[in-house]
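A.B. asks: Would you mind keeping the following structure in view while I ask a few things?
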Amino acid sequence: MSDAEEMFEDVVLLRGRINGTLCEELVPPAMSLLTFLREGQGLTGTHMGCMTGHCGACTVLIDGKVAKSCLTMAGTVGGTKITTIEGLADADGTLSVIQQAFRDAGSFQCGFCAPGMVLTAVELLAENATPDETEIREALSGNLCRCTGYRSIVAGIRLAAERLAAERG
Ligand code: FES
């Protein structure tokens, strides 16, 4: 094996889009997407919680579907579109409808779970424009919040659904 082959034996090429920007990086096969996003891309809005797939703090969207980035290997997401919380607002900082609704409904307390909650809401409302409370709570079942009691988060998602419906006319 040549020196070059040895050097790259333990890396995997990640080629995909992160928040709309093409990303090409060599990553160790065992590196989680969470570590790659936080330490490799500086996208620290993706939070590190349990690291076991239970809390949802590390939630991102991969091709529009929620995924726990702590359990996803960075080297497996080539060819996909990854969205983190940083990818939702406009370039000028204007919040997305869902982010603004969370803010207006007081859906944040400590805020640690918030990025994962918002991204889960993005997937939910893309698939179901008018979710009822049971459907919202079901969608949030993979995201834990230790301080709001969920009521205000559900309210934020309902408000977002109303505003998105109004936008659609
Ligand atoms: Fe990934 Fe908790 S840090 S689910």
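The values are calculated or read from the model by the stated rules, or taken from the named source; none is laboratory data. On a predicted model such as this, the values are computed, not experimentally measured, just so you know. Cβ sites come from the backbone with ideal geometry, for glycine too, and all protein chains shown count toward neighbours. Note: accessible area is taken over every heavy atom of the protein model, side chains too, but ligands, DNA and RNA are not part of it. Shrake-Rupley method; radii C 1.70, N 1.55, O 1.52, S 1.80 Å.
A.B. asks: What is the one condition in (1) surrounded by fewer than 21 Cβ atoms within 10 Å (Cβ to Cβ); (2) part of a strand (DSSP E or B) that GLN109 does not satisfy?
C.D. replies: Result: GLN109 passes all but (2).
A.B. asks: Take GLY87 and tell me if it is open to solvent by 20 Å² or more (accessible area, probe 1.4 Å) and modelled with pLDDT under 95.
C.D. replies: no
Let's see how each residue does on (1) touching a Pro at 6+ places or on another chain (Cβ under 6 Å); (2) surrounded by fewer than 20 Cβ atoms within 10 Å (Cβ to Cβ); (3) more than 20 Å from GLY56 (Cα to Cα); (4) modelled with pLDDT of 95 or more:
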| residue | (1), (2), (3), (4) |
| --- | --- |
| ILE98 | no, no, no, yes |
| VAL118 | no, no, no, yes |
| LEU125 | no, no, no, yes |
| GLU133 | no, yes, no, yes |
| ARG168 | no, yes, yes, no |
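A.B. asks: For segment 65-84, give me the residue count where each residue is open to solvent by 30 Å² or more (accessible area, probe 1.4 Å) and assigned to a loop (DSSP other than H, G, I, E, B).
C.D. replies: Total meeting the criteria: 3.
A.B. asks: Which residues, taken from segment 143-155, are open to solvent by less than 20 Å² (accessible area, probe 1.4 Å) and either within 16 Å of the ligand (Cβ to nearest atom) or at pLDDT below 95 (or both)?
C.D. replies: The first filter runs over segment 143-155 and keeps only residues open to solvent by less than 20 Å² (accessible area, probe 1.4 Å), leaving 143, 145, 153-154.
Of everything in segment 143-155, those that are open to solvent by less than 20 Å² (accessible area, probe 1.4 Å) and either within 16 Å of the ligand (Cβ to nearest atom) or at pLDDT below 95 (or both) turn out to be ASN143, CYS145.
A.B. asks: Next up: Taking segment 1-41, which residues are at pLDDT 90 or above, of a type outside the set (A, V, I, L, M), part of a strand (DSSP E or B) and closer than 24 Å to PRO115 by Cα?
C.D. replies: ARG17, THR21, CYS23, SER32, listed by residue number.
A.B. asks: Condition test on ALA129, is it aliphatic (A, V, I, L, M), surrounded by fewer than 14 Cβ atoms within 10 Å (Cβ to Cβ) and farther than 15 Å from ILE18 by Cα?
C.D. replies: On the way: aliphatic (A, V, I, L, M): yes; surrounded by fewer than 14 Cβ atoms within 10 Å (Cβ to Cβ): yes; farther than 15 Å from ILE18 by Cα: yes.
So ALA129 passes the test.
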